[in-house]
Structures are given as C-alpha cells and as structure tokens.
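In what follows, a structure is listed as structure tokens, so that the remarks can point back to it.
The values are calculated or read from the model by the stated rules, or taken from the named source; none is laboratory data. Keep in mind that what you see is a predicted model, and the values were worked out from it rather than measured. Positions of Cβ are backbone-derived with ideal geometry, glycine not excepted, and every protein chain shown enters the neighbour counts.
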Amino acid sequence: MSPTLNYLSSTLSMIAMVFYVIGSIGYATDKDVIRNVAWITAEQSGVNVYYALKKVYIKGQGTEQEQSYSDCSNNNGNVCDQCEEDGQGSFTLCVIGAVIALCTMSVCGSLSRTVSFPMQLVSIVFAAAACAAGVISLSLFMGNCYDKLDDQTNVDLEWGSGSVLVLIAMFLMAGVGGIQILSTFICVST
C-alpha cells in the first residue's frame, strides 16, 4: 500500500511542479503569454484586460496596449507599485514551489522503491513547504494587488489561468502532504 501511495504522491508532485512553472510564466512580457497565463482578467464592453505578474495587456474595440508595472510605478504606493512588488514575489515563490515540488517528487519516487521513515518525514516537510509557497504566492498577488486593482476599477475582476493553476498546485501539494502522513502511519505500523 505504501509504495502505491508514494507513486501517487510522486505523480501529484510532478503535476504541481508543472502548474507552478506555468504560474511563474505569468512573469513574461510577451502579450500572447500574458493573455494565456494572466493571473487576473477583466472584461467589459468588448475590452479584455489581462493582468500578469509583470505587465498588463489590454485588447478590444480596436485598441491594443501593454504596460509593465514598473513603467507606471512612482514609488508612492499606487497600484502599479503594489502589483510590481507582489508580481516579483509571486514569481519567486512559484519558482521555489516548483523546485520543492520537484524535490518532493524525487523523494516520493525513491520511497516507492525503499521505505524509510526519515525520508517519509522529509517528504511531508517538502510537501508542506511547496504548499506554503503557493499560499504565500497567491496571498501576495491575488490579495494585495487584486485588492488595489479592485478598489481602483468598477470592473469585475476574475482569477486568471495562472492564479488558478497555482491554486490547484497548492491543493495538490497539500494532498501530497496528507498522503505522505498516511503513508508514514502505514510505514510505522508494518
């Protein structure tokens, strides 16, 4: 039973790692990437706005423009300042989450062959750390930046694909942590 749970944990960790990497791609500056991996989206009267971790892209009604947060930042606490800072933090945390998910995947993969109580504990710590990276990443950009944008506009903002994938990765790593706790109890009881 424990090897099966470790295979499952390894697979879920791999999926979470890919989702964290996709979320971090939201730091790109290419307009097509921004549109596909936006963290926040808005639509009103045929105009679509895509907020990524580094830049905003607006398209519709014959207009097309993009602006990085650093271009409109004036270091006085405006929305661009907040989103630029939070975007950098969220990007870094997504990369950290991906690396830790990769480590978790490796540890769980090795545990599927040879059971080791100390390594089970390491996998639990790694899963918790990867989950925490997702929580903090989301709370930065989808908390602070989202709130500032929401206060500034009358348009309904929605979570974009980048933030949703990071949310899923976070829950996957929480699930891996739970599976590893169960696997540890099975390891100890046998």
In the set LEU102, LEU8, LEU12, LEU93, which member is closer than 30 Å to PHE185 by Cα, part of a helix (DSSP H, G or I), touching a Leu at 6+ places or on another chain (Cβ under 9 Å) and of a type outside the set (S, T, N, Q)? LEU12
Might you check whether a residue that is more than 15 Å from the chain's Cα centre (by Cα) and not in a helix (DSSP H, G or I) occurs anywhere in the range 169-190? yes
Look through PHE126, PHE141, PHE117 and report the one residue that is at pLDDT below 95, of a type in the set (A, V, I, L, M, F, W, C) and more than 30 Å from VAL47 (Cβ to Cβ). PHE117
Quick count over the range 42-70, residues being in contact (Cβ under 8 Å) with a residue 60 or more places away in the chain, crowded, with 19+ Cβ neighbours inside 10 Å and assigned to a strand (DSSP E or B), is 4
VAL155 - would you say it is free of Cβ contacts under 8 Å to residues at least 24 places away in the same chain, farther than 20 Å from VAL21 by Cβ and of a type in the set (A, V, I, L, M, F, W, C)? no
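Can you say whether ALA128 is in contact (Cβ under 8 Å) with a residue 40 or more places away in the chain and closer than 13 Å to ALA101 by Cβ, as far as the supplied structure shows?
Yes.
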